[in-house]
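One structure is given below, encoded as structure tokens.
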Amino acid sequence: MPRQFRPLDWRVLWIAFVAMLLGGVVAVVAKVLTALIGLITNLSFYGRWSYDFGSPAGNHLGLWVIAVPAIGGLIVGVMARWGSRAIRGHGIPEAMEQVLLNESRIPPRITWLKPVSSAIAIGTGGPFGAEGPIIATGGALGSLIAQLMHVTADERKTLLAAGAAAGMAAVFSAPISAVLLAVELLLFERRARSLIPVALAATVGTGFRYVLEGNAPMFPMPALETPTLSAIAAYIVLGVLVGVVSVWITKLTYAIEDHFEKLPIHWMWWPALGGIVVGIVGYYMPLTLGVGYTNISAVLSGSIGMSAMLALCLLKLLSWSVALGSGTSGGTLAPLFTIGGAMGGVLGMALANVAPWLHVDPHLAALVCMAAIFAGASRAFLTSVVFAFETTQQPHGLLPLLGACAAAYLVSGLLMRNTIMTEKIVRRGVRVPSDYAADYLDQIYVRDACSRDVVSLKAEQTVADVRQWLASQGANTKHQGFPVLDAQGQVMGVITRRQLYDANLALDTSVQALIKVAPIVVREDHTLREAADHMVEREVGRLVVVSKDKPHRMVGIITRGDLLVAHAQRLREARYASRHLDLGRKPAAP
């Protein structure tokens with residue numbers, strides 16, 4: 001019989017311990033990568049040797065600034081061609097693909113190729129965030145460690161997600177949203193055996209950040225007041241608008257990528273072409289260069305004017321979408337937050353001037369739109385809400401964030417089939433789960449689905465007797481398998497019609513002699529999920545159901561058809577609408 005499923009076992013302790021060690025290592029790697037980006041930025045734009053993580057916006061290169069991102073793109077293209085093509089893009093879709101198709105086995109070379117290529121792309125002015133490459137690197141490192149260990153594919157997936165979550169937590173000091181990101185985009189489940197190691201890895205990653213960087217919020221902003229009801233309604237409307245924009249941005253990005261695919265040159269050169277556009281935009285709007293974390297802080301704190309925010313929103317979108325479409329290496333979170341935050345700041349200021357009675361706070365509008373645009377583009381709904389709270393530590397923003405992100409998620413789901421995270425791999429034929437529901441088969445006991453009116457054979461019957469009975473073609477003769485009972489009514493085994501009609505059998509052979517193996521059984525208190533797994537493992541289509549208290553007494557048979565019948569009930573619950581109460585109808589007379 002199958003072992004009854006346990007949500008946790010002692011092996012989780014070992015995986016959790018490895019995940020915690022991994023979290024510390026990834027946090028250090030995040031610090032090293034940040035320093036590497038700072039070094040390349042300082043060398044490229046200021047000609048100095050410094051690891052300070054700064055913005056390239058204050059450079060004095062003049063027109064030469066156009067060449068810097070192009071050179072960085074060329075280097076990334078060369079690394080992708082002769083290193084690994086998987087370093088192109090922002091990393092999360094590639095990690096999702098490995099989880100879904102390759103049992104979470106990321107090639108070891110990605111562990112160093114991805115961070116180095118991203119540091120070059122971002123350090124030379126690429127309009128990306130450092131968090132995407134660090135998330136991808138953490139996931140690759142977790143996969144590498146797991147490939148060196150004796151673990152299952154599920155445990156390898158857990159360590160991959162743990163590394164990714166630790167990377168995000170170490171960058172943003174946002175452990176809870178890092179765990180949610182792992183659940184929504186990498187694990188495709190919420191089980192204790194995977195959630196606990198990921199949460200512990202994110203905790204350790206954040207702890208290391210506190211030691212290395214301090215515990216101040218990533219994006220400080222003025223204290224927010226409790227929003228009024230009219231303001232909450234306005235923020236939800238902003239969420240609807242941002243949801244439409246997120247759909248448009250996703251389609252724009254992939255349309256640009258499609259146009260690059262049509263160029264009559266090798267894809268190795270595309271990042272350099274994208275870098276030229278980045279450089280031109282950066283010449284006119286230096287704030288679009290680099291990661292732009294300071295831009296997000298400026299937008300949320302209100303230290304940037306309305307016209308500057310509008311220019312930042314539009315030009316950052318142009319620079320980032322072209323660069324990402326060209327196939328260079330970099331993240332999507334920070335650019336989307338910059339675009340959404342700037343857009344929200346502009347709309348918030350406009351509403352505050354045009355409709356002051358709504359009591360819309362421009363700072364909160366910027367925060368709401370920053371989160372909503374990521375919720376709409378990626379559909380990582382809970383991640384978006386919690387991330388905005390953790391990085392600003394503004395509790396009064398939670399309710400508007402919840403409403404706006406839900407609205408953006410709804411609009412995105414209605415208008416767009418795939419997301420900015422999944423469109424690329426869906427085009428390659430990968431089926432990406434979008435909804436996570438409890439296993440319906442795990443909610444039903446075998447005793448509630450098995451057939452109890454079982455047609456059985458007696459051990460002393462002969463083949464001739466049974467063949468004669470089958471030839472009568474009665475209602476009970478249509479089954480493909482029959483349990484065999486001894487004189488005490490205990491199950492001895494199961495024989496099939498094929499065995500009974502074997503041409504080499506003597507007619508006086510007893511049914512008992514046809515039993516070659518012990519019966520494959522399941523207890524009535526097991527679930528249908530356990531029964532289905534048992535069928536797969538033993539390569540059978542039916543199981544004998546035995547009593548919980550008397551394991552030799554048969555109480556029924558469970559077949560693959562019974563499992564399908566149970567699934568039919570799930571489909572009815574999901575698809576068929578009906579009314580059970582009619583308040584306008586008078587009750588029938590007694």
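Where the second residue is in a helix (DSSP H, G or I) and of a type in the set (Val, Ile, Thr) and the first is under 18 Å from Ser173 (Cβ atoms) and lies in segment 15-28, which pairs have Cβ atoms under 6 Å and are six or more apart or on separate chains?
Partner pairs satisfying both residue conditions: Met20/Val204; Gly23/Val204; Gly24/Val204.
From the list Thr338, Thr294, Thr332, Thr328, which residue is surrounded by fewer than 24 Cβ atoms within 10 Å (Cβ to Cβ) and within 15 Å of Gly129 (Cβ to Cβ)? Write out each step before concluding.
On the way: Thr338 fails: surrounded by fewer than 24 Cβ atoms within 10 Å (Cβ to Cβ); Thr332 fails: surrounded by fewer than 24 Cβ atoms within 10 Å (Cβ to Cβ); Thr328 fails: surrounded by fewer than 24 Cβ atoms within 10 Å (Cβ to Cβ).
Checking each option against the conditions leaves just Thr294.
Which ones in segment 124-136 are open to solvent by less than 10 Å² (accessible area, probe 1.4 Å) and under 19 Å from Phe172 (Cα atoms)?
Within segment 124-136, Pro127, Phe128, Gly129, Ala130, Glu131, Gly132, Pro133, Ile134, Ile135 meet the criteria.
Given (1) at pLDDT 90 or above; (2) surrounded by fewer than 24 Cβ atoms within 10 Å (Cβ to Cβ); (3) within 18 Å of the chain's Cα centre (by Cα), identify the lone condition not met by Gln147.
(3)
Can you work out which of the residues in segment 403-452 that are free of Cβ contacts under 8 Å to residues at least 12 places away in the same chain and not in a loop (DSSP other than H, G, I, E, B) is least open to solvent (accessible area, probe 1.4 Å)?
Applying the first criterion (free of Cβ contacts under 8 Å to residues at least 12 places away in the same chain) to segment 403-452 yields 414, 417, 426-427, 429, 435, 437-438, 448.
Of the ones still in play, those that are also not in a loop (DSSP other than H, G, I, E, B) are 414, 426-427, 448.
Values: Leu414: 135, Val426: 47, Arg427: 116, Asp448: 109 Å².
That would be Val426.
The rows are residues; the columns are (1) closer than 28 Å to Arg529 by Cα; (2) of a type outside the set (A, V, I, L, M, F, W, C); (3) in contact with a Gly (Cβ under 7 Å, 6 or more places away or on another chain).
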| residue | (1), (2), (3) |
| --- | --- |
| Ala449 | yes, no, no |
| Val454 | yes, no, yes |
| Ala459 | no, no, no |
| Trp469 | no, no, no |
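With (1) modelled with pLDDT under 90; (2) open to solvent by 20 Å² or more (accessible area, probe 1.4 Å); (3) not polar (S, T, N, Q) as the list, and Met96 as the residue in question, which single condition is left unmet?
Against the list (1) modelled with pLDDT under 90; (2) open to solvent by 20 Å² or more (accessible area, probe 1.4 Å); (3) not polar (S, T, N, Q), Met96 comes up short only on (2).
In the list Glu225, Glu213, which residue meets the criterion of being open to solvent by 10 Å² or more (accessible area, probe 1.4 Å), among the charged types (D, E, K, R) and under 22 Å from Thr137 (Cβ atoms)?
On the way: Glu225 fails: under 22 Å from Thr137 (Cβ atoms).
Unique residue meeting the criteria: Glu213.
Among the listed residues Ala166, Ala153, identify the single one that is within 20 Å of the chain's Cα centre (by Cα) and open to solvent by 30 Å² or more (accessible area, probe 1.4 Å).
On the way: Ala166 fails: open to solvent by 30 Å² or more (accessible area, probe 1.4 Å).
Only one candidate qualifies: Ala153.
The values are calculated or read from the model by the stated rules, or taken from the named source; none is laboratory data. Since the model is a prediction, treat every value here as computed from it, not as a measurement. All Cβ positions, even for glycine, are placed from backbone atoms using ideal geometry, and neighbour counts span all protein chains on display. Quick note on the areas: whole protein, heavy atoms, side chains included, nothing else; ligands and nucleic acids left out. Shrake-Rupley method; radii C 1.70, N 1.55, O 1.52, S 1.80 Å.
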